[in-house]
Amino acid sequence: MSIDGRDDALAALRSALRDQASGGSLVIVRGDAGIGKTRLLEVVGRRWRSKGTQVAQVRVAQNTGDRYGVGAVVNMLRQDFDRFRDAGLVDGISALARFHQRQAEDPAVRFPAVAAELNWVFGRIGSLGPVALLIDDVLEIADPVPLLLAARRPGCLVVATMRADDTTERAAALLELADEVIDLDSLGDEHIARLAGEIDDDVHEALRADLGPLYGNPGAVLSTVEHLREQGRLVAVDGRLRLADPGSPISLPEGHELLLRARRLGRLGPSLLAAAARLGTLDIDELDAVADALDEGVAECGRTVDRLVEHGLLVSDDWGRLRCLCPALAAAAGAGERDSVLRPRPSAAESPKPAPSPRRAGRARSWSATETRIVELIGQGLTNRRIGSALGLSEKTVEGHLTRLFAKTGCRSRVELVTTASMAGRPGAAMRGRSAA
């Protein structure tokens, strides 16, 4: 069972398994949704089993209220009981099952009541010889750390996957606990071509153009190709699949994770993505007009834009304007959205405009209330993290605002940004700018 383009990751996991003799370890495999984390675990699980390693795979169900993953461990033990060949595990399985039942009836039940049982079970498993525990999407468990420690302590190799864009405290704690982190990057074009199979080169070119940075994501490519098949847009010509309507845009399938992220933000998420697509770019200075066209409050639009940036769905161009991550996301978000008064603008390449000088920038263009407040807090000497805490934004969102401010003002430093604000007649920023300088 092969996995194209993942030789480095396979080699790193093979090395971790060899080192298991010196003690247990935790390896985190990190990557975007659809990048191939699940496939990687399937491949290494089969390879290691064929060479005599005991492999246990914990499958975590979503939204089950299984706070510590105990239910998933019980299911794993029952499924793999014959493989472990240890009748003594029966008592441990029964004890964990009882705790899981109590937890379902009373969510306030705390972990210490079962910690000893988990330690005992994994200690017993670890005594059977080399054991690898594979956990996909480990952060679907609300508090996975006790389980990981219990498995690692007796010498098991624990390989767990997580999303690369998860910046929560739980994710940070997990990375701190890990002995090694393996990042899965996008696959190269040659690997994607082999993965997608019999589709024509022209289809690959269309996918590359419409998926943009997602073209190296095997999950995105395969699901989009399948979506094209379901739509009847792929036809066989001389043994190769070609697009029946090459002039029509390609969209992400309905269930793609990026589209679901936008929809979790409410109706405004897809609407603002569609607006960005219709306009070509979404300029923060024009948010009032966009809010009017969508019949929404400008403050709520601004908050949703911040979330779209934070989730990587809107990205900044060289002028500090926002655009959809890729055309396929824009097409999917725009499907079903009502037509609006928004009209496309010429692209930056069609109507180039030089960056304004720092002295004129503050007067030439309006700043949003959030941008103005960020500059004021910079003038007070706050870091991006502290600014985010003060405004209820993530550090990444603050950085995104600053990137756009630098682009549209021409400023090259935080001090120059505060000075520009004072020249633009913002008394609060001007007063605090003296301390920043």
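The values are calculated or read from the model by the stated rules, or taken from the named source; none is laboratory data. Fair warning: this is a prediction, and the values are worked out from it, not measured in the lab. Please note: Cβ atoms are built from the backbone with ideal geometry, for glycine as well, and neighbour counts cover all protein chains shown. In case anyone asks, the SASA skips ligands and DNA or RNA and just uses the protein heavy atoms, side chains included. Shrake-Rupley method; radii C 1.70, N 1.55, O 1.52, S 1.80 Å.
Results, tabulated for the structure shown:
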item	result
Qualifying positions in the stretch 274-311 - open to solvent by less than 10 Å² (accessible area, probe 1.4 Å), under 14 Å from LEU322 (Cβ atoms) and either in a strand (DSSP E or B) or out of contact with any Lys or Arg (no Cβ under 9 Å at 6 or more places or on another chain) (or both)	ALA275, LEU282, VAL290, CYS301, THR304, VAL305
Residue, nearest to GLY312 (Cα to Cα), within the stretch 199-220, restricted to residues that are surrounded by fewer than 16 Cβ atoms within 10 Å (Cβ to Cβ) and within 24 Å of the chain's Cα centre (by Cα)	PRO213
Selection status of ILE3, at pLDDT below 80, out of contact with any strand residue (DSSP E or B) (no Cβ under 7 Å at 6 or more places or on another chain) and outside any strand (DSSP E or B)	yes
Conditions (1) in contact (Cβ under 8 Å) with a residue 24 or more places away in the chain; (2) among the hydrophobic types (A, V, I, L, M, F, W, C); (3) within 30 Å of GLU190 (Cα to Cα); (4) assigned to a helix (DSSP H, G or I): number failed by ALA11	(1)
Failed item in (1) hydroxyl-bearing (Ser, Thr, Tyr); (2) open to solvent by 20 Å² or more (accessible area, probe 1.4 Å); (3) at pLDDT below 85, with TYR68 passing the rest	(2)
Cross-chain or 6+ apart pairs with Cβ under 9 Å, the stretch 224-239 first and in contact (Cβ under 8 Å) with a residue 40 or more places away in the chain and under 13 Å from GLU254 (Cα atoms), then acidic (Asp, Glu) and open to solvent by less than 50 Å² (accessible area, probe 1.4 Å)	THR224/ASP210
Any helices (runs of 4 or more DSSP H) falling wholly within the stretch 333-406 and containing at least 2 residues that are at pLDDT 80 or above	369-379, 384-391
Breaking point among (1) in a strand (DSSP E or B); (2) more than 20 Å from the chain's Cα centre (by Cα), for LEU195	(1)
Residues being more than 16 Å from GLY219 (Cα to Cα) and crowded, with 17+ Cβ neighbours inside 10 Å - total across the stretch 171-198	4
Some residue of the stretch 216-229 being out of contact with any strand residue (DSSP E or B) (no Cβ under 6 Å at 6 or more places or on another chain) and over 30 Å from ARG30 (Cβ atoms)	yes
Positions within the stretch 34-46 being open to solvent by 20 Å² or more (accessible area, probe 1.4 Å) and touching a strand residue (DSSP E or B) at 6+ places or on another chain (Cβ under 6 Å), in sequence order	THR38
Unmet criterion (only one of (1) at pLDDT 90 or above; (2) in contact with a strand residue (DSSP E or B) (Cβ under 9 Å, 6 or more places away or on another chain)) for ALA173	(2)
Qualifying residue in the stretch 25-33 (condition: surrounded by fewer than 17 Cβ atoms within 10 Å (Cβ to Cβ) and closer than 24 Å to LEU139 by Cβ)	no
Filtered residues of the stretch 8-24 (kept if open to solvent by 20 Å² or more (accessible area, probe 1.4 Å) and closer than 18 Å to LEU174 by Cβ)	ALA12, GLY24
Sole exception among (1) at pLDDT 75 or above; (2) open to solvent by 60 Å² or more (accessible area, probe 1.4 Å) for SER435, by number	(1)
Residue among VAL44, VAL58 that is outside any helix (DSSP H, G or I) and touching a helix residue (DSSP H, G or I) at 6+ places or on another chain (Cβ under 6 Å)	VAL58
